[in-house]
1. Can you find a residue in region A:22-37 that is within 14 Å of chain B (Cβ to nearest Cβ), out of contact with any strand residue (DSSP E or B) (no Cβ under 9 Å at 6 or more places or on another chain), at pLDDT 90 or above and not in a helix (DSSP H, G or I)?
2. Could you pull out every one of the helices (runs of 4 or more DSSP H) wholly within region A:109-176 that has 1 or more residues that are free of Cβ contacts under 8 Å to residues at least 60 places away in the same chain and under 24 Å from residue A:51 (Cα atoms)?
3. Considering every residue within region B:185-198, establish whether at least one is more than 21 Å from residue B:114 (Cβ to Cβ) and modelled with pLDDT under 90.
4. Six or more apart or on different chains, Cβ under 7 Å: which pairs go from a residue in region B:42-70 that's without any contact (Cβ under 8 Å) to a residue 24 or more places away in the chain to one that's exposed (fewer than 15 other Cβ atoms within 10 Å of the Cβ)? Could you list them?
5. On the basis of being over 13 Å from residue B:63 (Cα atoms), surrounded by 19 or more Cβ atoms within 10 Å (Cβ to Cβ) and free of Cβ contacts under 8 Å to residues at least 60 places away in the same chain, does residue A:52 make the cut?
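The values are calculated or read from the model by the stated rules, or taken from the named source; none is laboratory data. It should be emphasised that the depicted structure is a prediction, and the values quoted were computed from it without experimental measurement. All Cβ positions, glycine included, derive from the backbone under ideal geometry; neighbour counts span all protein chains shown.
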């Protein structure tokens, strides 16, 4: 039962704006249903927690696209996303055979969901590697991605020249790419 | 670092025309290089996407709070549910045991007493010489005759009339009890036999006691039946041995 009567649109907007109260509402409204689905399909509570996390991030990625429109109730949509993702996860774990995977369901919007989720996983993984860089490196790379000019960054960082700022950027980026590659090798 | 510079400037679209053409030519033929550019692009996206990382951290926070609260609730609810479950199981067991006892009492005990009744009961042999009704006989004689001939309904009609006329006609009550036993009116039989006083000074008194005990046995009233049987067995009368045997069986 909803503790506050938020509409589906309010819930979507709350997710996009990262409103904590609304996020709590998602848990109150939808977590147990998805948990039950996971528990009754070879999963445990930890899997349910992780899956719901992923579902919210996928919904966020889709919802923040300007022309996104819900074609069903939000709960139904979330449940569909969770089913696609869990199906894919079970396939990865080889808990279900290739034949058992509902390929038709995956093709019917499920593939896109899986792709968004995989990209989210990569982005968060890269972010985790980024967080391990030095504070200066993080700041320089962030300023670049935020669109600051070389001259502005040189001034903000107090570097002696723009060339130094450029070199600093490339060194930091190389360091980040190398740490990502190294971590990926460990994972593989 | 030179490759990094080229890739970053390619993505920033700040490469010279010549360098850009070289990158695009390599992209078409070198998959590793193409993958590396894709990686740089996504890493930049990751660094720039503050919203995603903010939401990711917020979800972690809300999820942890929600699950902690839920666990607490479960920790409170589970013992209550467990207690309720135990109480329910106990209640079900009590009901089952009680039902078993009731069923045993109603059916199996009844069957046993009925069996014993069948084993020990024989139709009382009335003290009549003639089985046809001589002229000048009394109503009681006629009733006894009917009883002896197995005409129990007729006997009961006459006996009912007699006890209505004279409630102290204990011999009529006695035969009424016997007739009731023959017609499976056990409750009425008990009532008839009990109407006769304990102190009934009659040669029929012992018979009354025996048939009353059997009537009670048939009703399943083992306590009262046993008490009467005990009295009969210690009186050294006509039924003493049968009464003792039956008493012992009921005492098992």
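1. Among the residues of region A:22-37, not one is within 14 Å of chain B (Cβ to nearest Cβ), out of contact with any strand residue (DSSP E or B) (no Cβ under 9 Å at 6 or more places or on another chain), at pLDDT 90 or above and not in a helix (DSSP H, G or I), which makes the answer no.
2. Of the helices (runs of 4 or more DSSP H) lying wholly inside region A:109-176, those with at least 1 residues that are free of Cβ contacts under 8 Å to residues at least 60 places away in the same chain and under 24 Å from residue A:51 (Cα atoms) span A:111-131.
3. yes
4. Taking only residues 6 or more apart or on different chains, the pairs are B:48/A:146; B:58/A:20; B:62/A:20.
5. So residue A:52 does not fit the description; no.
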